[in-house]
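The values are calculated or read from the model by the stated rules, or taken from the named source; none is laboratory data. None of the values given here were measured: they were computed from a predicted structure. All Cβ positions, glycine included, derive from the backbone under ideal geometry; neighbour counts span all protein chains shown. Calculation scope for accessible area: heavy atoms of the full protein, side chains included, ligands and nucleic acids excluded. Shrake-Rupley method; radii C 1.70, N 1.55, O 1.52, S 1.80 Å.
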Amino acid sequence: MKKLLVIVDYQVDFVNGSLGFGGADLLEKKIFNRILKAQNEGEDIVFTKDIHNENYLKSEEGKNLPVIHCQKGSAGAELFGSLKQFENQYPVFEKGAFASIDLGNYIKDKDYDEITIVGLVSYICVLSNAVICKAALPNAHIIVEKDLTSAYDINAQKIGFEALKNIHVEIR
């Protein structure tokens, strides 16, 4: 069985920076250990990073979420904590919006049986990239590990998880 682990936007600004929230830092060790497990079991691993330019506030996202974050080259755009050490070992897809079309293009011609998604924020970028993965490989089993994602709005997270279940994404 060919597997892929996708770590979505576990970056400084989403953990304890401009869009950080309580408890996001608690995921670091869990995600780190999940990466080690993936390495030991021969899973492929990729990362996404939210990256914005100086014109962010003029973008559609910036008009609706007017909080400067993950500016290209800034400390806030870096992978958080111990995950930073993996950045040069695996593909990293930089994206200027919630979902990564580059991730979808990367996986569409691969024969992954299972894709597991972890990271931040559960009902925004994790959800968006789960949809991209489902679109790119509709017959792959997509999993979001609920203990390896989180959000500042737990009610929105519950709604996001329900939406994902309806498109046959397993919430494990």
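Side notes on the structure shown:
- Across Lys110/Lys158; Lys3/Lys58; Lys2/Lys30; Lys72/Lys158; Lys29/Lys95; Lys63/Lys84, pairs whose alpha-carbon gap is larger than 28 Å: Lys110/Lys158; Lys3/Lys58; Lys72/Lys158; Lys63/Lys84
- Segment 79-102 and segment 122-163 have Cα centres lying 17 Å from one another.
- Additional length obtainable on full extension of the chain from Val92 to Glu41, 0.36 nm per residue less Cα span: 16.3 nm
- Max mean-square fluctuation residue, GNM over the chain, Cα-Cα springs under 10 Å, options Ser122, Ser150, Ser82: Ser82
- Carbon + sulfur, % of accessible area of segment 1-156 - ligands and nucleic acids excluded, 1.4 Å: 50
- Model label sites at Ser18 and Lys110, defined 7 Å from Cα along the beta-carbon direction, differ in position by 3.1 nm.
- Computed label-point distance, nm, for sites Leu26 and Arg172 using a 7 Å Cα→Cβ extension: 2.2
- Asn64-Lys2 pseudo-label distance in nm [points 7 Å out on the Cα-to-Cβ vector]: 3.4
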